[in-house]
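Undergrad: One structure, as structure tokens, below. Some questions next.
What follows draws every value from the coordinates through simple rules; no lab data is involved. Just so it is clear, the structure is predicted and the values come from calculations on it, not from any experiment. Quick reminder, even Gly has a Cβ in these numbers, built from the backbone with ideal geometry, and neighbours come from all protein chains shown.
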Amino acid sequence: MKKYLIIILCVFVAITFVKADPIKSKSFYKQKLDDPNATYFTPANFKITADGKTDVSDELQAAINGVKTKNNFGILFIPEGKYLISKTIYIPNSIRLIGYGINRPLFILAKKSPGFQEPV
């Protein structure tokens, strides 16, 4: 009996993981949140294009660093879109990145990005 319960549990867990599709998942924050202390990673505030073709690595790191410098902690809101990055992005412990919009922001790693070519 115990053996059958374990098998049923394993099948249930496997089905749960198969059903979870993070790429098609919807955003929890569907609308822009208004926070006067937060920074918004938008084309109005930074020289970016969320098309998945333009590298935003330097601007994203500058935005994160700006939040850290401003208050030593804080939130960077990122609207839905496709963001190409080609470098490692360093996020301090006190900084939170939160995506918003109907779909979650998608970060795309550029081909042949240094440090991401070898398996871990």
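Undergrad: Non-local amide H neighbours of ILE75 (under 5 Å, H modeled in plane, Pro and chain starts lacking H): which ones?
TA: Placed amide hydrogens put THR39, ARG96 under 5 Å from ILE75.
Undergrad: A further question on this structure: On a full-extension model of 0.36 nm per residue, what is the gain between THR49 and LYS30, subtracting their alpha-carbon distance, rounded to one decimal in nm?
TA: So the extension gain works out to 4.8 nm.
Undergrad: Then there's this: Using a Förster distance of 30 angstrom, determine the FRET efficiency expected from the C-beta separation of ALA38 and SER113, and round it to 0.05.
TA: 0.60
Undergrad: Moving to a separate point now. Which order do peptides 52-60, 107-115 fall in by mean Cβ count within 10 Å, highest first?
TA: The densest-packed peptide leads the list: 52-60, 107-115.
Undergrad: A further question on this structure: The stretch 59-112: D in µm²/s via Stokes-Einstein (Kirkwood Rh, Cα pairs, 37 °C, 0.692 mPa s)?
TA: My calculation gives 276 µm²/s for D.
Undergrad: Cα centroid distance between the stretch 86-116 and the stretch 40-67, in Å?
TA: After rounding, the separation between the Cα centres reads 10 Å.
Undergrad: Binning every alpha carbon pair distance of the stretch 25-109 at 5 Å from zero, what are the percents per bin?
TA: Values per bin, smallest distances first: 3, 16, 26, 27, 21, 8, 0.
Undergrad: What is the packing order of peptides 73-84, 37-48, taking the mean over residues of other C-beta atoms within 10 Å and listing the highest first?
TA: 73-84, 37-48
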